[in-house]
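Structure first, commentary second.
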Amino acid sequence: MRSPDKPTTAVHDEPEVIITPERDRPEVGGARVARQVSLWQLNLLRVGYLVMGGGLAVVKWPLLFSHGPWELKDGTVECMLVAMSILALMGLRYPVRMLPILLFEVAWKLIWLAVIAVPLWSDDKLDVATRDQTNRLLWVVLIIAVIPWRYVLAQFVMAPGDPWRRSRWARRSPPQSHQMVMCAHHVGSYRPRQRRRPLPQADRSQS
């Protein structure tokens, strides 16, 4: 008498599970994420960078290579303006990243006009040198006009600041880059579990 055949099993693969990283949340720390700057605003920013950086390059760069002895104050100012012109020209390629350069340009000129020019003008004590300086600084209105102020407000005022220290959750959990690497590792090494389902037992053969 032959022993009955052992029941055979069929392998059925479960549907593959795809693990995807979590999308960026639309809100961070309760504040809305800043809007993207449109293309026409980017081009307007480039105009501002060209006016600022190109004007300083034409006026200040020749003085850097051909000048007489400078006083401490004059040499400091000239080198600072040359550095600002280089950073402003970088804004032609990265207009949004270099926005702090335009904000600095607007800030110091408005402070100078408010603290120095306006009091002298109200007292009718503007001399020729101060009037000429005021007329040059009034061109800052062009820079003010090209800056996307909604983006600046959302990005630099309303957005949550960077942390001052590591939180408890950050100390306990691995960094995000490590989590992404582990996620990619699990996706690459994932194998679907196999579920075995017994088939009907075969008929016993006659001895």
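Each residue in region 112-159 was checked for being free of Cβ contacts under 8 Å to residues at least 24 places away in the same chain, more than 19 Å from Gly48 (Cβ to Cβ) and under 28 Å from the mean Cα position of the chain (by Cα), and 1 pass. Looking across region 49-98, the residues that are small (Gly, Ala, Ser), more than 33 Å from the chain's Cα centre (by Cα) and not in a helix (DSSP H, G or I) come down to Ser66, Gly68.
Within region 52-101, the set of residues being touching a residue at least 24 places away in the same chain (Cβ under 8 Å) and of a type in the set (D, E, K, R) comprises just one member, Lys60.
Of Ala88, Ala129, all but one fail to be among the small types (Gly, Ala, Ser) and at pLDDT below 95; the exception is Ala129. When the residues of region 142-161 are filtered to those that are hydrophobic (A, V, I, L, M, F, W, C) and in a loop (DSSP other than H, G, I, E, B), which remaining residue is surrounded by the fewest Cβ atoms within 10 Å (Cβ to Cβ)? Per the stated criteria, the residue is Ala159.
The values are calculated or read from the model by the stated rules, or taken from the named source; none is laboratory data. Everything numeric here is computed off the predicted structure, so don't read it as measured data. Positions of Cβ are generated from backbone atoms using ideal geometry, with glycine treated the same way; all protein chains shown enter the neighbour counts.
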